[in-house]
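Participant: One structure, pasted below without further comment.
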Amino acid sequence: MARIAVVGGGVAGLACAWKLQRAGHEPVVLEREAVAGGRMRSERVATARGVFVVDRGAQFVASGYRNLHAVAETLGIAARLHPVGRTRNAILRDGRLHPGDYGSLAELARSRLLSAGAKLRLPRLLVELALRGRRLDPYRPERAAAIDRESLADGLARLVGAEAMEYLFAPAFSSTFDADPEDHSLAFALLTTRFVLGGFRLEAFEGGIGLLTETLAAQVPVRTGCEALAVETDADGARVRFRDADGATHELAADAAVVALPGSLVSGVVATLRAEEKSFFDAVRYVRGIVCFLMTERAPASLPWYGVAFPRREGIGLYGLAVDHWKPGVAPAGAGLLNAALTRDAAERLRGAPDDAVVSHVVDALVRTPVGRIEPIACAVHRWDPMLPLFPAGHLARLAAFHARRERSPRLAFAGDYLIGPYTEMALTSGLRAATEIGRAVSR
């Protein structure tokens, strides 16, 4: 049995520690925040209307999340996963909300969102998916490195035209990943589309998406309020220097370590990275974002959808709006729970502003749409830095080189969504893989 330090208590780190413990090892999770869970946490907000559950980061589970479903089944919580009450979406164009189903060409053909000419170009994306099919494994995105040459914006404009890119695909990706279409690559878009077409019925844990991380954290040793300052490894083991909630500095000795932090933070913590590793981590980028939650006395009648996407040409200052009260057990009966993701420009402008200013921005933006005026009885604002990893053109080639590197830091593994994709499933999968990798390293 080996003692293994896991730095970072998000879903990747917790899944890693859970698998290590099941394999007979002794994991110790160090988490900076007072509560483990990272971007897969739920918090309860008490109001006069009742208790609302705010999913601070990750919003849903998809039916195609095979590893997450397997872990939930083993943990005994799979029965608390339920379909989201409404799963259809709408997209704003010219002041009107157009119903849309991203996974159905027939639905898009009937929609008035796009012109007839734009609709005729949509099958080109299916042709591209077929041509690139053998390279498109969402669980092994580095295999698409050879086709990772242009941005999502340029690639989709070339394939399906500027209209479909701006009013269909860019809003879908931006409202999901809180980034602009120039921030991700066409290869990433193809991988994501392949993943969605493989099964993407929306589901949620009853009472909040954080049930998964809460259950994992209850089963493994977690030290909260512990901020990792430095991680060093060599052939003999690992040492993690960290600061506790009282400001005191400690050192944890272990047989090995797993760093499950956002990729953009790794270089600043791991002092013993090999040159190839440091080069990779120095290039990893994340979006910074702001999400605003609005709780209302009654569910707005103007929102019969689960998601509403706002194309940037509409100038709303929001990427999208999720109608969270369609998820099971997160709002009092008949009440409304919405969450709005600010665009990058709006988030940067309001980064240092008080929460009231962020709420006003969201409420005023929605007034300019058919959603109309929302009168919240309570609000919650979350600022994320980092938020979600970016997969720009070239990232998959760097990822492939990272996996193939010859020089590796001894007794050290890495976990995080930046290694596979910006989904909860991929963060969890990276943690499971890191557990396998470090388990082999300490068994040699």
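The values are calculated or read from the model by the stated rules, or taken from the named source; none is laboratory data. Everything numeric here is computed off the predicted structure, so don't read it as measured data. With ideal geometry, Cβ positions are generated from the backbone for all residues, glycine too; neighbour counts draw on all protein chains shown.
Participant: I'm told ALA257 meets every condition in (1) assigned to a helix (DSSP H, G or I); (2) touching a Ser or Thr at 6+ places or on another chain (Cβ under 9 Å); (3) among the aliphatic types (A, V, I, L, M) except one. Can you identify the failing condition by its number?
Facilitator: Failing condition for ALA257: (1).
Participant: Go through region 218-249 and give me each residue that's in a strand (DSSP E or B) and farther than 20 Å from ALA413 by Cα.
Facilitator: Of region 218-249, the ones in a strand (DSSP E or B) are 222-223, 227-234, 237-243, 249.
Within region 218-249, ARG243, THR249 qualify.
Participant: Out of all the residues in region 163-184, is one or more within 19 Å of the chain's Cα centre (by Cα), of a type outside the set (Lys, Arg) and under 21 Å from ALA70 (Cβ atoms)? Full working, then the answer.
Facilitator: Step one: filter region 163-184 for residues within 19 Å of the chain's Cα centre (by Cα), giving 169-184.
Next cut, of a type outside the set (Lys, Arg) only: 169-184.
With the extra rule that they be under 21 Å from ALA70 (Cβ atoms), the set shrinks to none.
No, region 163-184 contains no residue that is within 19 Å of the chain's Cα centre (by Cα), of a type outside the set (Lys, Arg) and under 21 Å from ALA70 (Cβ atoms).
Participant: Going through ARG383, ARG373 one at a time, which residue ends up being within 29 Å of LEU191 (Cα to Cα) and not assigned by TED's automatic domain parsing to the domain that holds ILE420? Reasoning before the result, please.
Facilitator: Values: ARG373 fails: within 29 Å of LEU191 (Cα to Cα).
Of the residues listed, the single one that is within 29 Å of LEU191 (Cα to Cα) and not assigned by TED's automatic domain parsing to the domain that holds ILE420 is ARG383.
Participant: Another question, if that's okay. Look at region 46-79 and say how many of its residues are surrounded by fewer than 17 Cβ atoms within 10 Å (Cβ to Cβ) and either basic (Lys, Arg) or within 22 Å of HIS382 (Cβ to Cβ) (or both).
Facilitator: Counting residues in region 46-79 that are surrounded by fewer than 17 Cβ atoms within 10 Å (Cβ to Cβ) and either basic (Lys, Arg) or within 22 Å of HIS382 (Cβ to Cβ) (or both) gives 5.
Participant: Output the number of the condition that ALA248 fails; it satisfies all remaining conditions of (1) over 30 Å from MET165 (Cβ atoms); (2) out of contact with any Gly (no Cβ under 8 Å at 6 or more places or on another chain); (3) crowded, with 22+ Cβ neighbours inside 10 Å.
Facilitator: (3)
Participant: Continuing with this model, one more query. Without any contact (Cβ under 8 Å) to a residue 60 or more places away in the chain, buried (at least 22 other Cβ atoms within 10 Å of the Cβ) and among the small types (Gly, Ala, Ser) - does that describe any residue in region 158-177? Break it down stepwise before answering.
Facilitator: As a first pass, look at region 158-177 and keep what is without any contact (Cβ under 8 Å) to a residue 60 or more places away in the chain: 158-165, 169, 173.
When the remaining residues are screened for being buried (at least 22 other Cβ atoms within 10 Å of the Cβ), the result is 160, 164-165, 169, 173.
Going one step further and asking which of them are among the small types (Gly, Ala, Ser), we end up with 164.
Looking for residues that are without any contact (Cβ under 8 Å) to a residue 60 or more places away in the chain, buried (at least 22 other Cβ atoms within 10 Å of the Cβ) and among the small types (Gly, Ala, Ser), one finds at least one in region 158-177, hence yes.
Participant: Return a yes/no flag: does region 74-96 have any residue that is part of a helix (DSSP H, G or I), touching a residue at least 60 places away in the same chain (Cβ under 8 Å) and either in contact with a strand residue (DSSP E or B) (Cβ under 8 Å, 6 or more places away or on another chain) or not acidic (Asp, Glu) (or both).
Facilitator: yes
Participant: Still on this structure, I have one more. Looking at region 324-350 only, could you name the residues that are in contact (Cβ under 8 Å) with a residue 24 or more places away in the chain and of a type in the set (Lys, Arg)?
Facilitator: Within region 324-350, LYS327, ARG344 meet the criteria.
Participant: Further question: Pairs please, first residue from region 423-444 and within 28 Å of GLU203 (Cα to Cα), second anywhere and modelled with pLDDT under 95 and of a type in the set (A, V, I, L, M), Cβ atoms under 6 Å, 6+ apart in sequence or on different chains.
Facilitator: Between residues of region 423-444 that are within 28 Å of GLU203 (Cα to Cα) and residues that are modelled with pLDDT under 95 and of a type in the set (A, V, I, L, M), the close pairs are THR424/ALA58.
Participant: Further, regarding this structure: For ALA260, state whether it is touching a Leu at 6+ places or on another chain (Cβ under 7 Å), modelled with pLDDT of 95 or more, within 23 Å of LEU68 (Cα to Cα) and not assigned by TED's automatic domain parsing to the domain that holds ASP55.
Facilitator: Values: touching a Leu at 6+ places or on another chain (Cβ under 7 Å): no; modelled with pLDDT of 95 or more: yes; within 23 Å of LEU68 (Cα to Cα): yes; not assigned by TED's automatic domain parsing to the domain that holds ASP55: yes.
Here the answer is no, as ALA260 does not meet what is asked.
Participant: Still on this structure: Would you be able to tell me the number of residues in region 305-323 that are touching a strand residue (DSSP E or B) at 6+ places or on another chain (Cβ under 9 Å) and either aromatic (Phe, Trp, Tyr) or free of Cβ contacts under 8 Å to residues at least 12 places away in the same chain (or both)?
Facilitator: Of region 305-323, the ones touching a strand residue (DSSP E or B) at 6+ places or on another chain (Cβ under 9 Å) are 305-314, 316-323.
Next cut, either aromatic (Phe, Trp, Tyr) or free of Cβ contacts under 8 Å to residues at least 12 places away in the same chain (or both) only: 305-306, 310, 319.
Of the residues in that region, 4 qualify.
Participant: Assess whether VAL367 counts as being within 24 Å of ARG49 (Cβ to Cβ), buried (at least 21 other Cβ atoms within 10 Å of the Cβ) and of a type in the set (A, V, I, L, M).
Facilitator: On the way: within 24 Å of ARG49 (Cβ to Cβ): yes; buried (at least 21 other Cβ atoms within 10 Å of the Cβ): no; of a type in the set (A, V, I, L, M): yes.
So VAL367 fails the test.
Participant: Being buried (at least 20 other Cβ atoms within 10 Å of the Cβ), in contact with a helix residue (DSSP H, G or I) (Cβ under 7 Å, 6 or more places away or on another chain) and under 27 Å from ALA230 (Cβ atoms) is the filter here, so list the residues in region 403-421 that pass it.
Facilitator: Our first condition is that a residue be buried (at least 20 other Cβ atoms within 10 Å of the Cβ); within region 403-421, this holds for 409, 411-421.
Pick out the ones that are also in contact with a helix residue (DSSP H, G or I) (Cβ under 7 Å, 6 or more places away or on another chain) and you get 409, 411, 413-421.
Those that are buried (at least 20 other Cβ atoms within 10 Å of the Cβ), in contact with a helix residue (DSSP H, G or I) (Cβ under 7 Å, 6 or more places away or on another chain) and under 27 Å from ALA230 (Cβ atoms): SER409, ARG411, ALA413, PHE414, ALA415, GLY416, ASP417, TYR418, LEU419, ILE420.
Participant: For region 280-298: of the residues being of a type in the set (Lys, Arg) and in contact with a Pro (Cβ under 8 Å, 6 or more places away or on another chain), which is farthest from GLU182 (Cα to Cα)? Spell out the reasoning first.
Facilitator: Applying the first criterion (of a type in the set (Lys, Arg)) to region 280-298 yields 285, 288, 298.
Then keep just the ones that are in contact with a Pro (Cβ under 8 Å, 6 or more places away or on another chain); that gives 285, 288.
Working: ARG285: 13, ARG288: 15 Å.
Of everything passing the filter in region 280-298, ARG288 is farthest from GLU182 (Cα to Cα).
Participant: Would you be able to say whether some residue in region 428-439 is in the same structural domain as VAL29 (by TED's automatic domain parsing), within 26 Å of VAL71 (Cβ to Cβ), more than 23 Å from the chain's Cα centre (by Cα) and crowded, with 23+ Cβ neighbours inside 10 Å?
Facilitator: The answer is yes; a qualifying residue exists.
Participant: Go through the residues of region 396-413 one by one and say whether even a single one is touching an Asp or Glu at 6+ places or on another chain (Cβ under 7 Å), in a strand (DSSP E or B), touching a residue at least 24 places away in the same chain (Cβ under 8 Å) and over 18 Å from VAL6 (Cα atoms).
Facilitator: No - not one qualifying residue is present in region 396-413.
Participant: Out of curiosity, is ARG158 over 30 Å from PRO83 (Cα atoms), assigned to a loop (DSSP other than H, G, I, E, B), charged (D, E, K, R) and modelled with pLDDT of 95 or more? Walk me through it before giving the result.
Facilitator: Working: over 30 Å from PRO83 (Cα atoms): yes; assigned to a loop (DSSP other than H, G, I, E, B): no; charged (D, E, K, R): yes; modelled with pLDDT of 95 or more: yes.
When the stated conditions are applied, ARG158 does not pass them.
Participant: Condition first: over 30 Å from ALA5 (Cβ atoms) and in a helix (DSSP H, G or I). Can you find one or more residues in region 294-312 that meet it?
Facilitator: In the first step, residues of region 294-312 are kept if they are over 30 Å from ALA5 (Cβ atoms); the result is 294-312.
In the following step, the residues that additionally are in a helix (DSSP H, G or I) were identified as 312.
Checked against the condition, which is being over 30 Å from ALA5 (Cβ atoms) and in a helix (DSSP H, G or I), region 294-312 yields at least one hit.
Participant: Taking region 57-73, which residues are assigned to a helix (DSSP H, G or I) and under 21 Å from the mean Cα position of the chain (by Cα)? Steps first, please.
Facilitator: To start, the set of residues in region 57-73 that are assigned to a helix (DSSP H, G or I) comprises 66-73.
Of everything in region 57-73, those that are assigned to a helix (DSSP H, G or I) and under 21 Å from the mean Cα position of the chain (by Cα) turn out to be ARG66, ASN67, LEU68, HIS69, ALA70, VAL71, ALA72.
Participant: Output the residue which, of all residues in region 10-39 that are part of a helix (DSSP H, G or I) and of a type in the set (Lys, Arg), is nearest to LEU216 (Cα to Cα).
Facilitator: From region 10-39, those part of a helix (DSSP H, G or I) are 11-22; that's our starting set.
Still in the list and also of a type in the set (Lys, Arg): 19, 22.
Details: LYS19: 10, ARG22: 12 Å.
Step by step, filter region 10-39, then rank; the result is LYS19.
Participant: Separate question: On the basis of being without any contact (Cβ under 8 Å) to a residue 12 or more places away in the chain, part of a loop (DSSP other than H, G, I, E, B) and assigned by TED's automatic domain parsing to the domain that holds ILE290, does ALA353 make the cut? Don't jump to the end; show me each part of the working.
Facilitator: Values: without any contact (Cβ under 8 Å) to a residue 12 or more places away in the chain: yes; part of a loop (DSSP other than H, G, I, E, B): yes; assigned by TED's automatic domain parsing to the domain that holds ILE290: yes.
Spelling it out, ALA353 is indeed without any contact (Cβ under 8 Å) to a residue 12 or more places away in the chain, part of a loop (DSSP other than H, G, I, E, B) and assigned by TED's automatic domain parsing to the domain that holds ILE290.
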